[in-house]
Amino acid sequence: MAGLRSNRSRQRAHYLAQSMLEQSHGNVESGIEFKLAGTSVALGWKLIDPLSELIAGAFWESHSDSPDFRIALLRRSDPHTLPSLEWARPWIDKHQILPEQISYPYRIMIDRPQGLIQVFDTVNNVGAIYIRHEEELDSRSFITPFRLMWSWLANQFDGEIVHAASVLIQDKGILLSGGSGSGKSTFAVHAASHGEMLIADDCTLVHNSLLYPVFRRSKVSQATLQLIGSTELIESSTAVTGLNGNGQSVKSIIDLSRSPLSVTAGVNLDAVLFPRVSPSLGSFQLTARQAYERLTSDSLREIHGGGTRNRLRLARIARSVPSYRALLPPSLDQGLGGALRLVTHV
Amino acid sequence: MSESVPVSLRLKSREVLSRERLDGEVVAIDFESGDYFSFEGPAADIFWLLEAGVAFFHWESIFTSHYANIPGPEHLRHDLLGFLEKLRELGLAVEGSELEGGALPLPLDCERGSWEKPEARAHNELADLLIIDPIHDTGEDGWPEIKSK
């Protein structure tokens, strides 16, 4: 009986994927193209509105005659008919990606809280994103939209999107990994305001030991801006509270495309820092195992546990370069100085 | 191929044997040993059929319809059972209930040519990172963490 249920779920999962792909790509009237490491992604939609403009502005736009990936948005306002999702309730309730044995060769995530369905066809490199109500989207989506989908794409060319900021300090490419509140973004933006180069904030793509930005925007809090004491990098001081205006904290947007050098060509990875705000400045080297555990616990959570290849790539990153715990004092200048001294020894 | 060959091997649970198929290649991590594996061609497809619980009785016709130059029934059965035994030796598959599922087509995610003897490629250079090691798991500060039982 279990096999029969599995077969039925497989048929329904495939029908959902095929239906979404067909309807979303049949609706495309506008869109952008952007780079994801050495590949190109065409992201299309029908409706031009504030949300699609915000999404478009999140990427480094580029042009390609034949994109490697084609992704289309399907919105509530677009004409569409979605099949029933009742069969997928076990995974929807647990907020899990549909298991491979049911969805393959598609990848499917039905995210009820966000009102998102993401589908990717791993054979034909096409995907679809259904947005139920834009008001339900977390405000983070305006800066790092559809994180899971880009991880699926990166997986196709053995790239890994790490929940990490990255900076080029004294010609050394540094990955700054850590959970929210660890100080990674604050440190990265502070370094950028003091002449170092910010490669990426929040999401860094690691491919062939090179660091690439995924998004061209960073979002910093007012408290961080006050700490940094610099507003030169700010693209817009417009408060971002989410389209639903639900009282989320006010953030300012930094446009990474203003970086003095193009970082989209990739920057060599030399070390991983795991910052942590601490009363005093200090650092100590971590074992590869410790680094791997930290990378997996932080980055895989963002992609609902990730897959086998995600774990292998994170293990290779942890094995390939030295990793350090960086204890950063509240004084950012002191923290930056300490990191600079650490980097010189990498 | 004889219908009387009972095959009751099952892949270990995904909690201890993480696996993922992409472009016809299966990559698997055994968290108990820290070893990881790559399977391509017939080996990856055997993984697929085991996962789906397809009865061994169907395997010959499935492979015959997807691969060229399939060997004779006895030779094919030797290849298949030999590989299943290899999976057991590697600790990737364990005894379970007999496979009884209906026939399923193989995924159309790669070009399939001539039949080749299925093989596993094992790697262990990342074993110290990938292995589940409750003793040396560490807390936020890098110090060994005492695990509650």
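The values are calculated or read from the model by the stated rules, or taken from the named source; none is laboratory data. Small disclaimer: the values here were computed from a predicted structure and weren't measured. Using ideal geometry, Cβ is built from the backbone for each residue, glycine included, and neighbour counts are taken over all protein chains shown.
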Exercise for the section: Identify all residues within the stretch A:154-185 that are charged (D, E, K, R) and either touching a Leu at 6+ places or on another chain (Cβ under 7 Å) or on the phi < 0 side of the Ramachandran plot (or both); write none if there are none. Expected result: A:160, A:172, A:184
Problem - Matching entry among A:294, A:319, A:311 (being under 22 Å from residue A:157 (Cα atoms), within 9 Å of chain B (Cβ to nearest Cβ) and surrounded by 20 or more Cβ atoms within 10 Å (Cβ to Cβ)) - result: A:311
Fill in the blank from the handout: Residue hits (the stretch A:273-291; facing chain B (nearest Cβ under 10 Å) and in contact with a Ser or Thr (Cβ under 9 Å, 6 or more places away or on another chain)) are A:274, A:276, A:285, A:286, A:287, A:288, A:289, A:290, A:291
Handout entry: Subset tally (residues that are in contact with a helix residue (DSSP H, G or I) (Cβ under 8 Å, 6 or more places away or on another chain) and part of a helix (DSSP H, G or I)) for the stretch B:66-76
Key = 3
Exercise for the section: With the checklist (1) more than 14 Å from every other protein chain (Cβ to nearest Cβ); (2) in contact with a helix residue (DSSP H, G or I) (Cβ under 9 Å, 6 or more places away or on another chain); (3) farther than 24 Å from residue A:303 by Cα in hand, flag the one item residue A:26 doesn't pass. Expected result: (2)
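Condition check ((1) crowded, with 17+ Cβ neighbours inside 10 Å; (2) in a strand (DSSP E or B)) across all residues:
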residue: A:59; (1), (2): yes, no
residue: A:72; (1), (2): yes, yes
residue: A:77; (1), (2): no, no
residue: A:82; (1), (2): no, no
residue: A:95; (1), (2): no, no
residue: A:108; (1), (2): yes, yes
residue: A:119; (1), (2): yes, yes
residue: A:135; (1), (2): no, no
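Counting residues that are at pLDDT 90 or above and more than 18 Å from residue A:39 (Cα to Cα), which strands (runs of 3 or more DSSP E) fully inside the stretch A:141-242 reach at least 2?
Working: elements: A:160-162, A:164-169, A:172-177, A:197-200, A:204-207, A:210-213, A:217-221, A:234-236.
Hits in the stretch A:141-242: A:164-169, A:172-177.
Just one of B:3, B:20 is modelled with pLDDT of 95 or more and touching a helix residue (DSSP H, G or I) at 6+ places or on another chain (Cβ under 6 Å); which is it?
Working: B:3 fails: modelled with pLDDT of 95 or more.
Residue meeting the stated conditions: B:20.
One line per residue, one yes/no per condition, for (1) farther than 30 Å from residue A:154 by Cβ; (2) in a loop (DSSP other than H, G, I, E, B); (3) more than 10 Å from every other protein chain (Cβ to nearest Cβ):
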{"position": "B:33", "(1), (2), (3)": "no, yes, yes"}
{"position": "B:43", "(1), (2), (3)": "no, no, yes"}
{"position": "B:64", "(1), (2), (3)": "yes, no, yes"}
{"position": "B:98", "(1), (2), (3)": "yes, yes, yes"}
{"position": "B:111", "(1), (2), (3)": "no, yes, yes"}
Completion exercise
A careful count of residues in the stretch A:1-31 that are modelled with pLDDT of 95 or more and hydrophobic (A, V, I, L, M, F, W, C) gives 5
Practice task
Output the residues belonging to the stretch B:110-142 that are out of contact with any strand residue (DSSP E or B) (no Cβ under 7 Å at 6 or more places or on another chain), modelled with pLDDT of 90 or more and over 14 Å from residue B:42 (Cβ atoms).
Solution key: B:124, B:125, B:127, B:128, B:129, B:131
Exercise for the section: Check off (1) surrounded by fewer than 19 Cβ atoms within 10 Å (Cβ to Cβ); (2) within 14 Å of another protein chain (Cβ to nearest Cβ); (3) without any contact (Cβ under 8 Å) to a residue 40 or more places away in the chain for residue B:85 and give me the number that stays unchecked. Expected result: (2)
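Might you check whether a residue that is under 24 Å from residue A:149 (Cβ atoms) and among the charged types (D, E, K, R) occurs anywhere in the stretch A:272-292? First the steps, then the outcome.
Going residue by residue through the stretch A:272-292, those that are under 24 Å from residue A:149 (Cβ atoms) are none.
Scanning the stretch A:272-292 turns up no residue that is under 24 Å from residue A:149 (Cβ atoms) and among the charged types (D, E, K, R).
Of all residues in the stretch A:8-56, count the ones that are in a helix (DSSP H, G or I) and either surrounded by 16 or more Cβ atoms within 10 Å (Cβ to Cβ) or β-branched (Val, Ile, Thr) (or both). First the steps, then the outcome.
Quick first cut of the stretch A:8-56, residues in a helix (DSSP H, G or I) only: A:8-26, A:50-56.
Still in the running and either surrounded by 16 or more Cβ atoms within 10 Å (Cβ to Cβ) or β-branched (Val, Ile, Thr) (or both): A:9-10, A:12-14, A:16-17, A:19-21, A:23-25, A:51-52, A:54-56.
Matching residues across the stretch A:8-56 total 18.
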Practice task
Could you tell me which of the residues B:21, B:14 is within 10 Å of another protein chain (Cβ to nearest Cβ) and without any contact (Cβ under 8 Å) to a residue 40 or more places away in the chain?
Solution key: B:14
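In the set A:90, A:83, A:99, A:79, which member is within 14 Å of chain B (Cβ to nearest Cβ) and over 20 Å from the mean Cα position of the chain (by Cα)?
Working: A:90 fails: within 14 Å of chain B (Cβ to nearest Cβ); A:83 fails: within 14 Å of chain B (Cβ to nearest Cβ); A:79 fails: within 14 Å of chain B (Cβ to nearest Cβ).
The match here is A:99.
For (1) surrounded by fewer than 22 Cβ atoms within 10 Å (Cβ to Cβ); (2) within 15 Å of the chain's Cα centre (by Cα); (3) on the phi > 0 side of the Ramachandran plot, each residue gets a yes or a no:
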{"position": "A:187", "(1), (2), (3)": "no, no, no"}
{"position": "A:193", "(1), (2), (3)": "yes, no, no"}
{"position": "A:201", "(1), (2), (3)": "no, yes, no"}
{"position": "A:205", "(1), (2), (3)": "no, yes, no"}
{"position": "A:219", "(1), (2), (3)": "yes, yes, no"}
